[in-house]
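Worksheet for the structure shown next.
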Amino acid sequence: QVQLVESGGGLVQPGGSLRLSCAASGSIFSIYRMGWYRQAPGKQRELVATITFTISTNYADSVKGRFTISGDNVKKTVYLQMNRLKPEDTAVYYCAADRVGAAYWGQGTQVTVSS
């Protein structure tokens, strides 16, 4: 089993920045990809960004140029630096981790962008 714990959410004004963190624990050695998804009220959960360790990163078009994903392949941690935040970025942000044959989710952290 893998447990994921997110931190770093909160309230920020439009144009501001936040940094989300996610740490994996448990049977983490075979995790090969981690990422962030978000779900706004009344909407489906959507991909924000993923990192396939030592290989590549992937971003939703809506966050390209504003968000940066990074991670530590040994510690199995992932970070999301969010700059130039917009009200439409308001959502619960979920950390995710993939192993062969299994996927895991964190509990989510609220990000609210409002003046």
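Cβ under 11 Å from Pro14's Cβ, Pro14 left aside: what net charge do those residues give with Lys, Arg +1 and Asp, Glu -1?
Numbers: positive: Arg84, Lys86; negative: Glu88, Asp89.
Net of charged neighbours comes to 0.
Ile55 sits with roughly 130 Å² accessible to a 1.4 Å probe, with DNA, RNA and ligands left out of the calculation. Applied to the range 28-35, the Karplus parametrisation 6.51 cos²θ - 1.76 cosθ + 1.60 on θ = phi - 60° returns per-residue 3J(HN,Hα) values of 8, 4, 9, 5, 10, 8, 9, x Hz, with x for Gly and Pro. The GNM of the chain, with springs linking C-alpha atoms under 10 angstrom apart, assigns the highest mean-square fluctuation among Lys64, Lys43, Lys86 to Lys43.
Each residue of the range 56-61 was assigned a 3J(HN,Hα) from its phi angle through the Karplus expression (A = 6.51, B = -1.76, C = 1.60, θ = phi - 60°), giving 7, 10, 9, 10, 5, 4 Hz with x at Gly and Pro.
With every protein chain in place and a 1.4 angstrom probe, the accessible-area ranking of Asp98, Asp89, largest first, reads Asp98, Asp89.
Going by the alpha-carbon gyration tensor, a ≥ b ≥ c the square roots of its eigenvalues, is the range 24-85 rounded (a/c under 1.5) or, if a/c is not under 1.5, prolate (a/b greater than b/c) versus oblate? Prolate.
What is the diffusion coefficient of the chain in µm²/s, taking the Kirkwood radius over Cα pairs and the Stokes-Einstein relation at 25 °C with a viscosity of 0.890 mPa s? Intermediate values should be presented prior to the final figure.
On the way: Rh = 14.0 Å.
Value of D from the Cα-based Kirkwood radius: 175 µm²/s.
The values are calculated or read from the model by the stated rules, or taken from the named source; none is laboratory data. The structure displayed is predicted, hence computed values, not measured ones. No Cβ is skipped: glycine too gets one built from the backbone with ideal geometry, and neighbour counts run over all protein chains shown. Accessible surface is based on the protein model in full, side chains and every heavy atom, while ligands, DNA and RNA are left aside. Shrake-Rupley method; radii C 1.70, N 1.55, O 1.52, S 1.80 Å.
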